[in-house]
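**Q** Structure provided below as C-alpha cells; questions to follow.
Bear in mind that the values in this text are calculations on the coordinates, not laboratory data. In this text, all values refer to a predicted model and were calculated from it rather than measured experimentally. Note that we place each Cβ from the backbone using ideal geometry, even for glycine, and neighbour counts take in every protein chain shown.
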Amino acid sequence: MITGSELSTAIDKLVALRPEILQATIDTFVMLGISTFAAIVIGGLFGIFLFLSSDRQFLQNKALYGMLGGITNFMRAFPFVILMIAMSPLTKTIIGTGIGPIAASLVLAIAGSFYFARLVEQNLREVPRGIIEATESMGARPFTIVKVLLNEARSGLVLSVTILCISLLSYSAAAGMIGGGGLGDLAIRYGYYRYQTEVMVFIVVMLSVMVIAIQAIGNWLAVRLDKR
Amino acid sequence: MTDMIVLNEVTKRFLKDRAGKSEDAAAKWFTAVAPTTLSVKQGEIFGLMGYSGAGKSTLLRLINLLERPDSGRVVIDGVDLMSLSASELRVARHNIGMIFQQFNLMSNRTVFDNVAFNLTVSGFARDKIKARVMECLEIVDLTDRATHFPAQLSGGQKQRVGIARAIAPSPKVLLADEPTSALDPATTRSLLACLQDINDKLGVTIVIVTHEMSVIRRLCHRAALLHQGELLEVAPIVDGNIQAATLIGQGLVQED
C-alpha cells in the first residue's frame, strides 16, 4: 500500500519535474505532428500508386507494383530502433544534426510512411470495383478517379490516420536514443534509470490519455464521414 | 434510320485464371465474344440477351470500350472509338451514359452530387449544373430525394438516380447492364417505364443487357440472342413476342 506521505513525496517530485514534463510534452507533439503529416503525404501517395499499379487497376504494372511493394516490405521490416541508427547519416545530411526531436521526426516520418502506404492501399481496395468502372464510363480523368476513390474510402482512411498517429506516438518513445526527447524518453530516463516509478506511472497515464483521445476523435470523425 | 452503334467483327477473349504455362490457345484463353457484327439504329431500344456466360455484359462493355476489343471496330455516332487517344475517348464517353446492376453510386455523395458529378466530369457549364441536376431528378421523379445519400434509398430509387446521373450530360446512347436484376418485379416495371419514357421523350438510343425475357418483351424493339460468346441472331420483337428464327434462339426465348 502507498502511504499518505509516500504519495505526497511522489507528487512533490512530479511538481519539481514540471519543466521537463512540459518540454517533453512539446517534443512529443512536435515529433507526432511533423511525422504524422509527412507520413500522410508521402505514404498516401505511395499507397495510391501501390493500389493503382496492382492487378486490374488502370496503372496495372507488375514490375512497378512489385518494386513499390518490395520497397514497402523492406522498409517495414526494420525494427524502429535499427532504422533510426541506420538512417542517422542521412538524417545528419538532411537536417544538419543527427539528434533532437526534428531529427527523430524524419525517421518517424519514414517509418510511418511505409506503414501508412499499406493502410491506404487496403482502404482503396475496399472501394467497390463498380464505382471505378462507373467513373471511367463517364469519361473521368485518372486524377478525378483517384479523388472519387479517396472520397469513397474517407472513413477508413481517417481510422488509418488514427492508427498511424498512435503507432508513431508509441515509436517516438524510442526517439530518446537519439536525444529526440519526448514523453516516452522522459519515462525511461527518470522512471527506469533513476528508479522514479511515479514519473513512469504518471507519463504512462498521460500517454494513455493521449491515445484514448486520438482514438476517440478518429472514431467520431469516421462515423460522421461514413454515409455508406 | 441511321445507325447509332456499329460493331464490326469485334472479339474479346480473357486469360483463364489458372492458365499456367500452356501453349495451347484453347486451354489458355476464354472467348467471351466471338467475332460479332451488329448495328443499333438511332432511337432504338436494343436488347442483348442470353444465359450467364453468354458474353452479353462483355459485349456491352465493348461499346464504350470499358473493355477494349482484341480486334474489330466500334463506331458510335460516326466516331471510330478504337482510333481515339485516351483524352479523345474520354470526350466520346460523355456521349455514352451507362447504368449498372449494382447501381454503382458514390455512397459518400448525395443524390444531387452524384448527378452533378457526371456533369462536372463532362465539362458542363458550372452555373447551369444545379438546374440541370434538378431537371434530371424531375425526369426520374426523385426531386424530393436530392439531399439524401444512396444508403437512404430503396433499390429502385438508387437505379433511378443511376439513370438521372447517366442522362445528365444528354448522351445519345445509354448502356444498361442488367439494370433490373437486383430489383423486385413491381420496381422492375416502374423502372422499365422510366427507360421507355427516356427513349420516347429524349430519343436516347438504349442498349440493355438482361437475362430476363420479360424485360426484352416489354421494352425492346430488337434483341441480339447470344449463346456462349456467339451471336445467334438479331430477333425483332413484335407485339411483345420475340420472333426468333433459329432453333437455339427459339429455345432461348422460351420462358418456363
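**Q** Hey, if you put +1 on the Cβ of every Lys and Arg and -1 on every Asp and Glu Cβ in the range B:47-97, which of B:Ser71, B:Ser57, B:Leu81 ends up farthest toward the positive end of that dipole?
**A** Result: B:Ser57, furthest along the dipole toward the positive end.
**Q** With the convex hull built on the Cα atoms of chain B, state its orientation-averaged projected area in nm².
**A** So the Cα hull casts an average projection of 15.4 nm².
**Q** How large is ³J(HN,Hα) for each residue in the range B:31-40, as worked out from phi by the Karplus curve 6.51 cos²θ - 1.76 cosθ + 1.60 (θ = phi - 60°), to whole Hz, x for Gly and Pro?
**A** 7, 7, 9, 6, x, 10, 10, 7, 9, 10
**Q** State which entries of A:Lys227/B:Lys128; B:Lys158/B:Lys201; A:Lys62/B:Lys158; A:Lys62/A:Lys92; B:Lys56/B:Lys130 exceed 29 angstrom in Cα-Cα distance in the structure shown.
**A** In this structure, A:Lys62/B:Lys158; A:Lys62/A:Lys92; B:Lys56/B:Lys130 lie more than 29 Å apart at Cα.
**Q** On C-alpha positions alone, give me the angle between the axis of helix A:142-152 and the longest principal axis of chain A, in degrees, nearest 10.
**A** 50
**Q** Tell me which chymotrypsin sites (Phe, Trp or Tyr not before Pro) from the range A:143-228 have a DSSP coil assignment and no more than 11 other beta carbons within 10 Å of their own.
**A** Those that pass, being in a loop and sparsely packed, are A:Tyr195.
**Q** Which ³J(HN,Hα) values, rounded to whole Hz and listed in residue order, are derived for the range B:43-52 from phi using the Karplus coefficients 6.51, -1.76 and 1.60 in 6.51 cos²θ - 1.76 cosθ + 1.60 with θ = phi - 60°, glycine and proline given as x?
**A** Ordered by residue, 3J(HN,Hα) equals x, 8, 10, 10, x, 10, 10, x, 6, 4 Hz.
**Q** Hey, what angle do you get for helix A:4-16 against the long axis of chain A, alpha-carbon based, 0 to 90 degrees rounded to 10?
**A** The angle comes out near 60 degrees.
**Q** From the C-alpha gyration tensor of the protein assembly as shown, pull out the three semi-axes of the equivalent ellipsoid (sqrt of 5λ each), sorted largest to smallest, in whole Å.
**A** Here the semi-axes work out to 59, 25, 19 Å.
**Q** Also: Shielding of B:162-171 by partners, i.e. mean partner chain Cβ atoms within 10 Å per residue?
**A** Working: counts 1, 0, 0, 2, 3, 0, 1, 2, 0, 1.
Going residue by residue through B:162-171 and averaging, the value is 1.
**Q** Continuing with the same structure: Can I get the semi-axes of the range B:109-186's equivalent ellipsoid? Compute them from the C-alpha gyration tensor as square roots of 5 times the eigenvalues, in angstrom, largest first.
**A** In descending order the semi-axes read 21, 15, 10 Å.
**Q** What residues qualify as long-range amide H neighbours of B:Leu226, i.e. H under 5 Å apart, gap of 5 or more or another chain, H built at 1.01 Å from N?
**A** B:Met49, B:Gly50, B:Leu232
**Q** Calculate for chain A the 222 nm mean residue ellipticity that helices alone would give, adding -39,500 (n - 2.57) per DSSP H run of length 4 or more and normalising by residue count, nearest 500 deg cm²/dmol.
**A** -25500 deg cm²/dmol
**Q** Dividing the Cα radius of gyration by the Kirkwood radius, what Rg/Rh value follows for the range A:90-165? List each step's numbers first, then the result.
**A** On the way: Rg = 17.3 Å, Rh = 14.6 Å.
Dividing the radius of gyration by the Kirkwood radius yields 1.19.
**Q** Moving to a separate point now. Loop only by DSSP, 15 or fewer other Cβ within 10 Å of the Cβ. Give me the trypsin sites (Lys or Arg not before Pro) in the range A:89-195 that pass, ordered by residue number. Working shown, then result.
**A** Working: sites: A:Lys92, A:Arg118, A:Arg125, A:Arg129, A:Lys147, A:Arg154, A:Arg189, A:Arg194; in loops: A:Arg194.
Answer in residue order: A:Arg194.
**Q** For the range A:44-164, what is the charge dipole size about the Cα centre, in debye to the nearest 20, if Lys and Arg each add +1 at the Cβ and Asp and Glu each add -1 at the Cβ?
**A** Magnitude of the dipole: close to 160 debye.
**Q** Give the distance, in whole Å, between the Cα centre of the range B:207-253 and the Cα centre of the range A:170-213.
**A** Value for the Cα centre distance between the two parts: 73 Å.
**Q** Which whole number gives the average, over all residues in B:99-106, of C-beta atoms from other chains lying within 10 Å of the residue C-beta?
**A** 5
**Q** So which chymotrypsin sites (Phe, Trp or Tyr not before Pro) in the range A:1-103 are both in a DSSP loop and have at most 15 other Cβ atoms within 10 Å of their Cβ? Intermediate values should be presented prior to the final figure.
**A** On the way: sites: A:Phe29, A:Phe37, A:Phe46, A:Phe49, A:Phe51, A:Phe58, A:Tyr65, A:Phe74, A:Phe80; in loops: A:Phe58.
Those that pass, being in a loop and sparsely packed, are A:Phe58.
**Q** Restricted to Cα positions, what overall size does chain A have along the principal axes? Three whole-Å values, descending.
**A** If we take the Cα atoms of chain A, the spans are 74, 42, 26 Å.
**Q** A further question follows. List the residues, sorted by chain then number, that are 5 or more residues from B:Met4 or on another chain and whose placed amide H is less than 5 Å from its amide H.
**A** For B:Met4, whose amide H was placed from the backbone, the distant partners under 5 Å are B:Val40, B:Lys41, B:Gln42.
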